[in-house]
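The values are calculated or read from the model by the stated rules, or taken from the named source; none is laboratory data. For clarity, every value in this text was computed on a predicted model and none was experimentally measured. Reconstructed Cβ throughout: ideal geometry from the backbone, glycine too, with neighbour counts over all protein chains shown. Side chains are part of the model used for accessible areas, which takes the heavy atoms of the whole protein and leaves out ligands, DNA and RNA. Shrake-Rupley method; radii C 1.70, N 1.55, O 1.52, S 1.80 Å.
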Amino acid sequence: MSEPQPTPTTPAPARLVRPVVLIGLMGAGKSSVGSRLADLIGVPFADSDKEIERAANLTIPEIFERYGEPHFRDGERRVIARLLDGRPQVLAIGGGAFMDPETRALIAARAVSVWLKADLHTLVQRTAGRSHRPLLNQGDPRRTLEQLMATRYPVYAQADVVVDTELGLTHAQTAGRIIAALEEHGRRTARGALEREDE
Ligand code: S3P
């Protein structure tokens with residue numbers, strides 16, 4: 001007779017106890033990966049750019065053109081503050097939003113931030129041929145992205161969790177990396193975002 005085999009244990013489902021905010025440069029995949037991540041954990045997903053467009057009833061290029069970037073940044077700060085109302089959700093924010101000190105402080109107080117970190121090649125490829133990003137619509141997009149990496153990456157580095165993403169990964173694979181990184185973060189801190197019921 002053969003020995004009884006141990007029953008494989010399925011990990012308990014992960015439960016989000018704090019909002020997760022995805023930050024990163026244009027083309028990092030915040031919206032597509034964020035929405036996949038939210039599906040996997042079973043929580044709502046929000047995107048600050050979409051909410052700004054809805055509130056203004058204008059597209060982002062239209063807001064930049066009619067009112068200028070400072071006006072867009074004011075709206076962005078207000079919309080993110082409204083969205084971070086405490087309920088567990090995944091929130092993707094526009095690439096410039098984390099550069100605002102007030103927004104950074106709010107995220108630090110109310111959420112766990114995840115920087116989706118991509119190299120220049122990935123960002124250039126993923127933003128190519130799209131026209132909905134005013135900052136990339138003039139000049140050489142590669143140069144603009146390179147300059148933004150230089151100014152923003154040191155600030156993005158303040159995120160609670162850093163996850164690398166690159167061309168060739170599916171959204172689900174990157175979302176899986178985020179879940180693993182959030183679980184690791186949760187083991188190191190009392191302010192984690194993901195909990196498993198068996199822990
Ligand atoms: C911006 C990024 C965009 C959008 C706006 C400005 C930025 O969002 O908010 O065009 O300053 O990096 P994505 O990062 O989602 O493309």
Out of A190, A159, report the one residue that is open to solvent by 90 Å² or more (accessible area, probe 1.4 Å) and in a loop (DSSP other than H, G, I, E, B). A190
By residue number, the members of region 24-58 that are near the ligand (Cβ under 10 Å from one of its atoms) and part of a loop (DSSP other than H, G, I, E, B) are G24, L25, M26, G27, A28, G29
Just name the residue that is farthest from E65 (Cα to Cα) out of those in region 122-149 that are more than 12 Å from the ligand (Cβ to nearest atom) and within 19 Å of the chain's Cα centre (by Cα). T122
Taking region 162-187 as the search range and keeping residues that are among the small types (G, A, S) and within 17 Å of D39 (Cβ to Cβ), which one is least open to solvent (accessible area, probe 1.4 Å)? A175
Among the residues of region 78-125, which ones are among the charged types (D, E, K, R), open to solvent by 70 Å² or more (accessible area, probe 1.4 Å) and part of a helix (DSSP H, G or I)? R78, R82, E102, R110
